[in-house]
1. Using amide H atoms built 1.01 Å from N in the peptide plane, name the residues 5+ places from THR339, or on other chains, whose amide H lies under 5 Å from its own.
2. Between GLN346 and GLU24, take the C-beta separation as r, use R0 = 45 Å, and let me know the FRET efficiency to the nearest 0.05.
3. Using semi-axes √(5λ) of the Cα gyration tensor in Å as the read-out, say which of (1) 43, 24, 18; (2) 50, 27, 16; (3) 32, 23, 22 was calculated from these coordinates.
4. Provide the FRET efficiency to the nearest 0.05 for the LYS167-VAL107 pair, computing r from the beta carbons and using R0 = 30 Å.
5. Check THR139: other-chain or 5+ apart residues with amide H under 5 Å from its amide H, H built from backbone geometry?
6. Using the charge dipole of the chain (Lys, Arg: +1 at Cβ; Asp, Glu: -1 at Cβ; taken about the Cα centre), state which of TYR297, LEU168, LEU87 has its Cα farthest towards the positive end.
7. Quickly rank 146-152, 233-239 as a protection proxy: mean count of other C-beta atoms within 10 Å, highest first.
8. Name the lysines eligible as straight-distance cross-link partners of LYS146: C-alpha to C-alpha under 19 Å, and not fewer than 8 places from it in the same chain.
Amino acid sequence: MAKIELIATAPMGLEAIVAREVRELGYDDVSVDNGKVTFIGDEAAICRANLWLRTADRVLVKMGEFRATTFEELFEQTKALPWPDWLPEDAEFPVNGKSHKSQLSSVPACQGIVKKAIVEKMKQRYRHEWFQETGPRYTIEVSLLKDIATLTIDTSGPGLHKRGYRKLAAAAPLKETLAAAMILLSRWRPDRPLVDPFCGSGTIPIEAALIGRNIAPGLEREFAAEKWPILSHKLWQQCRQEAYDLAKRTLPLEIIGSDIDEQVLSLARHSAKCAGLSHVVQFANLPANRMKAEGEYGCIITNPPYGERLGEKTEVETIYRELGQFCRKLETWSFFILTSHFYFEQLFGRRADKKRKLYNGRIECNLYQFFGPLPPRSQQMSLQQMKEETAEG
């Protein structure tokens, strides 16, 4: 199977970042659309994409795409696809669906038609009338948009934001994929300090440490496709070993997370320990106006309270003013702040150099980007050389 068409699904606003990640994995045949990045790879691409993509939601095998305005068209064209090339005789294959602006608007009916068509195709290959579905899981989706049906198989299982280190969850935690996107959109590099003064359960500092040390985010979890016969255990082992070998586990980093809630910080410390980063990320029980931001050319990357709940607005506005006052003292630092508050710039006391619309769950937010000066080139080089020498030693 030399070429496989794959889809990395992306949260709204993050498609370009997912596409950049895909290209960095070495896959150049990439197209970007709303909510997805399509690319061509081989079997190893399924493993690598699941292991490495930090900002994507899932990795799907694209089985086919065609126009369907009747159930007969949907049935026949689904049946024509090479399902037995992927699904073994004992495969469990539930069918999910969605439909938008299409004549085939009944999702349950579309799911049933697709399931029936796949069964008929399986009968031709395996010569059985009944399939018990006791084997590995292949979650199939039929997605209809403007009468175009796209059929996919999910290779990931649980969403890629589930890295495996968050064993305990705080209320409304920032998704790991969004935290990683905020870091990748920033100017932060591993040789610069990073501070999150509203770190909550520690997602931004932990994701920064994973990025800084080039640790694949999916290294400590399993994926649905690991149980598929078409992808050998040896191939998964090779891709995991490749990821282990590329990690820079001794690279020193200066990453600090602080929060006023000691209880939520205990969750952050536990997650950092589960990620193997408890000795890398520092956590402090401090209010934002007393946080530590030492050194030069650092980055503050944070997701402060938004004031969405009744009675929180005044408190949040005070927090934003204090944050702005604190940041004005850090002349060489850059700031990347995610919030839904409409008047954030006025409260912070400075107009953002750049804004990017992102969604934290269903909340429309802006990532406000305030760029400080970059480190002098000679300093960047000497810092990097020093860190490389330290890592090698």
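The values are calculated or read from the model by the stated rules, or taken from the named source; none is laboratory data. These figures come from a predicted structure and were not determined experimentally. Here the Cβ is made from the backbone with ideal geometry for all residues, glycine too, and neighbour counts use every protein chain on show. Only protein heavy atoms, including side chains, enter the accessible area calculation; ligands, DNA and RNA are left aside. Shrake-Rupley method; radii C 1.70, N 1.55, O 1.52, S 1.80 Å.
1. ASN366, TYR368
2. For R0 = 45 Å, the calculated efficiency reads 0.75.
3. Read-out from the structure maps to (1).
4. Computed FRET efficiency for LYS167 and VAL107 comes out at 0.30.
5. When sequence neighbours closer than 5 places are left aside, the close amide H contacts are ASP154.
6. Most positive-ward Cα: TYR297.
7. Ranked by mean Cβ neighbours within 10 Å, highest first: 146-152, 233-239.
8. LYS36, LYS62, LYS98, LYS101
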